[in-house]
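Below you'll find the structure, written out as structure tokens, and then a few comments.
The values are calculated or read from the model by the stated rules, or taken from the named source; none is laboratory data. Computed from a prediction, not measured in an experiment: that's the story for all the values here. Heads up, the Cβs are rebuilt from the backbone with ideal geometry, glycines too, and the neighbour counts pull from every protein chain shown. The protein model used for the area step is the full one, side chains on, heavy atoms only, and it has no ligands, DNA or RNA in it. Shrake-Rupley method; radii C 1.70, N 1.55, O 1.52, S 1.80 Å.
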Amino acid sequence: MNNKVVLAFSGGLDTSFCAVHLTKEKGMEVHAITINTGGFSKEDVKRLEKHAYALGVASYKCVDVTKDYYEKILKYLIFGNVLKNNTYPLSVSAERVSQAVATAEYAKKIGAAFVAHGSTGAGNDQVRFDMIFNILLPDVKIITPIRDMKLSREEEIAFLKKHDVKMDFEKAKYSINKGIWGTSVGGKETLTSHAPLPEDAWPTKVSADKSERITLVFEKGELKGINDVTFKHAVDAIQKLNEIAAPYGIGRDIHVGDTIIGIKGRVGFEAAAPVLIIKAHHALEKHVLTKWQTYWKDNLATWYGNWLHEGQFLDPVMRNIEVFLQSTQQFVSGKVHIALFAHRYSIEGIESEHDLMSAKYGTYGEMNKSWSGEDVKGFTKIFGNQAAIYYQVNNLKIESGNHEE
């Protein structure tokens with residue numbers, strides 16, 4: 001009988017519980033896989049491998065999908081300036097989709113009959129993993145011990161201590177997920193509507209004490225350079241920017257949103273590079289895109305971000321929207337100047353040969369070079385003509401915001 005199970009393994013409390021439970025209590029052949037989306041160093045991977053084998057798994061593998069993650073997902077979030085509820089750069093939700101797809105591919109490769117993840121029954125991740133596994137692995141059974149057993153974090157800790165598992169259980173009180181597009185932090189405070197996360201819960205400490213000015217260089221919507229340094233791949237630029245900006249505490253926030261399962265959710269996150277990139281990219285676009293490009297891109301990008309957040313990455317409509325987003329980036333090239341301060345930043349301005357504020361055609365509020373005053377008089381009559389006819393035909397007037405005859 002095939003009792004191979006591929007376990008999506010982060011090494012945290014939930015997946016550590018799953019590894020021990022499946023091996024020691026269920027007698028299954030557990031193959032743990034870590035999908036690195038830019039959050040694990042080589043030292044981290046070695047530590048995870050050692051930890052996984054100590055838990056009793058049959059094999060451990062780490063697959064680095066960071067560049068693939070960028071090419072298939074992150075660059076479209078940048079093109080769309082996607083911030084859920086104008087706050088959250090989809091740090092975890094986008095990452096989970098990439099991890100679920102890579103885990104499914106590994107399960108196919110080794111011929112596993114089961115696939116497991118450590119999601120609870122109260123969050124979004126269970127839907128993201130289950131849905132992608134159901135689509136890509138229709139004949140493979142999904143196992144979710146934490147959800148099915150309705151375990152609290154305290155119960156998981158007690159179980160692991162019973163099995164002599166060595167972990168930093170004090171640190172395990174917070175659920176931390178780290179990737180190139182940000183780090184989420186969940187704990188007892190985020191289960192309330194009012195409590196802030198304590199300073200020691202944040203993975204990156206605020207250590208920068210002097211302001212700094214940086215320049216981000218974009219080519220067709222992608223970050224290619226910082227100051228005078230050009231990077232071979234946008235992933236390298238993102239990692240360098242985070243190294244520069246994270247010590248300022250930039251990108252720290254708490255997101256409150258609607259979960260896929262219908263309840264409100266609250267989570268802390270730090271995402272210095274994603275927030276700066278999206279805000280800088282948006283500033284550049286405001287200069288180089290037309291009004292209607294911006295309008296339709298904003299609408300489609302918001303929908304794209306929401307559908308991705310809900311795990312629907314494999315819906316073919318996503319590929320259609322990505323083509324549109326890509327096409328809008330043809331002239332989104334130039335420099336964006338940013339000032340960094342402790343806990344805040346300021347977009348100071350942009351430089352681009354595609355800047356539609358070009359003084360060649362006029363200066364807003366001062367002078368123009370492309371039309372005359374008489375042109376404007378005629379234009380305003382025509383531009384408001386239908387509304388004027390409507391009010392005259394229906395004998396309408398407006399008083400105190402009410403339409404009256």
### Message
Kindly evaluate Asp236 against the criterion of being surrounded by 13 or more Cβ atoms within 10 Å (Cβ to Cβ), without any contact (Cβ under 8 Å) to a residue 12 or more places away in the chain and farther than 19 Å from Ser41 by Cβ.
### Response
no
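Here is a yes/no grid of residues against (1) in a helix (DSSP H, G or I); (2) modelled with pLDDT under 90; (3) open to solvent by less than 80 Å² (accessible area, probe 1.4 Å); (4) of a type in the set (Lys, Arg):
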residue	(1), (2), (3), (4)
Ser370	no, yes, yes, no
Phe379	yes, no, no, no
Ala387	yes, no, yes, no
Tyr390	yes, yes, no, no
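Kindly indicate whether Ala172 is touching a Ser or Thr at 6+ places or on another chain (Cβ under 9 Å) and part of a helix (DSSP H, G or I).
Values: touching a Ser or Thr at 6+ places or on another chain (Cβ under 9 Å): yes; part of a helix (DSSP H, G or I): yes.
So Ala172 fits the description; yes.
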### Message
Given the criteria surrounded by fewer than 12 Cβ atoms within 10 Å (Cβ to Cβ) and not in a loop (DSSP other than H, G, I, E, B), does Asp200 qualify?
### Response
yes
### Task
List every residue pair whose Cβ atoms lie under 6 Å apart, where the two residues are 6 or more positions apart in sequence or sit on different chains, the first residue falls within the stretch 123-150 and is closer than 16 Å to Thr259 by Cβ and in contact (Cβ under 8 Å) with a residue 60 or more places away in the chain, and the second residue, located anywhere, is crowded, with 21+ Cβ neighbours inside 10 Å and among the basic types (Lys, Arg).
Arg128/Arg96
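Of all residues in the stretch 18-62, how many are without any contact (Cβ under 8 Å) to a residue 12 or more places away in the chain and hydroxyl-bearing (Ser, Thr, Tyr)?
2
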### Query
Filtering the stretch 289-314 down to residues that are in contact with a Gly (Cβ under 8 Å, 6 or more places away or on another chain) and more than 26 Å from Asn242 (Cα to Cα), which residue is least open to solvent (accessible area, probe 1.4 Å)?
Lys297
### Query
Given the conditions (1) open to solvent by 40 Å² or more (accessible area, probe 1.4 Å); (2) under 27 Å from Lys297 (Cα atoms), which single one is not true for Val206?
(2)
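May I ask you to verify whether Ile176 is open to solvent by 50 Å² or more (accessible area, probe 1.4 Å), in contact with a strand residue (DSSP E or B) (Cβ under 7 Å, 6 or more places away or on another chain) and not polar (S, T, N, Q)? Before you say what the answer is, go through the steps one by one.
Details: open to solvent by 50 Å² or more (accessible area, probe 1.4 Å): yes; in contact with a strand residue (DSSP E or B) (Cβ under 7 Å, 6 or more places away or on another chain): yes; not polar (S, T, N, Q): yes.
Here the answer is yes, as Ile176 does meet what is asked.
Could you go through the stretch 179-195 and let me know if any residue there is assigned to a loop (DSSP other than H, G, I, E, B), in contact (Cβ under 8 Å) with a residue 12 or more places away in the chain and surrounded by fewer than 17 Cβ atoms within 10 Å (Cβ to Cβ). Lay out the reasoning, then the answer.
Pass one, the stretch 179-195, residues assigned to a loop (DSSP other than H, G, I, E, B): 180-181, 187, 192-195.
Then keep just the ones that are in contact (Cβ under 8 Å) with a residue 12 or more places away in the chain; that gives 180-181, 187, 192-193.
Subset that is surrounded by fewer than 17 Cβ atoms within 10 Å (Cβ to Cβ): 192-193.
For the stretch 179-195, residues assigned to a loop (DSSP other than H, G, I, E, B), in contact (Cβ under 8 Å) with a residue 12 or more places away in the chain and surrounded by fewer than 17 Cβ atoms within 10 Å (Cβ to Cβ): present.
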### Message
Checking the structure you have, find out if any residue of the stretch 276-292 is in contact with an Asp or Glu (Cβ under 9 Å, 6 or more places away or on another chain) and polar (S, T, N, Q).
### Response
no
#### Entry: Qualifying helices (runs of 4 or more DSSP H) (wholly inside the stretch 63-121; at least 2 residues being among the basic types (Lys, Arg))
91-110
### Summary
So, first residue over 23 Å from Lys220 (Cβ atoms) in the stretch 311-323, second residue open to solvent by 80 Å² or more (accessible area, probe 1.4 Å) and aliphatic (A, V, I, L, M), Cβ within less than 9 Å, six or more apart or across chains; the pairs are Leu314/Ile135
### Message
Would you confirm, using the coordinates I've provided, whether Glu243 is out of contact with any strand residue (DSSP E or B) (no Cβ under 9 Å at 6 or more places or on another chain), under 16 Å from Ile350 (Cβ atoms) and open to solvent by 10 Å² or more (accessible area, probe 1.4 Å)?
### Response
no
### Task
Please specify each residue of the stretch 15-52 satisfying the condition of being touching a strand residue (DSSP E or B) at 6+ places or on another chain (Cβ under 6 Å), more than 19 Å from Phe114 (Cβ to Cβ) and open to solvent by 30 Å² or more (accessible area, probe 1.4 Å).
Val45, Glu49
### Query
Of the residues that sit in the stretch 318-344 and are of a type in the set (Gly, Ala, Ser) and either open to solvent by 50 Å² or more (accessible area, probe 1.4 Å) or in contact with a Gly (Cβ under 9 Å, 6 or more places away or on another chain) (or both), which one is nearest to Gln293 (Cα to Cα)?
Ser327
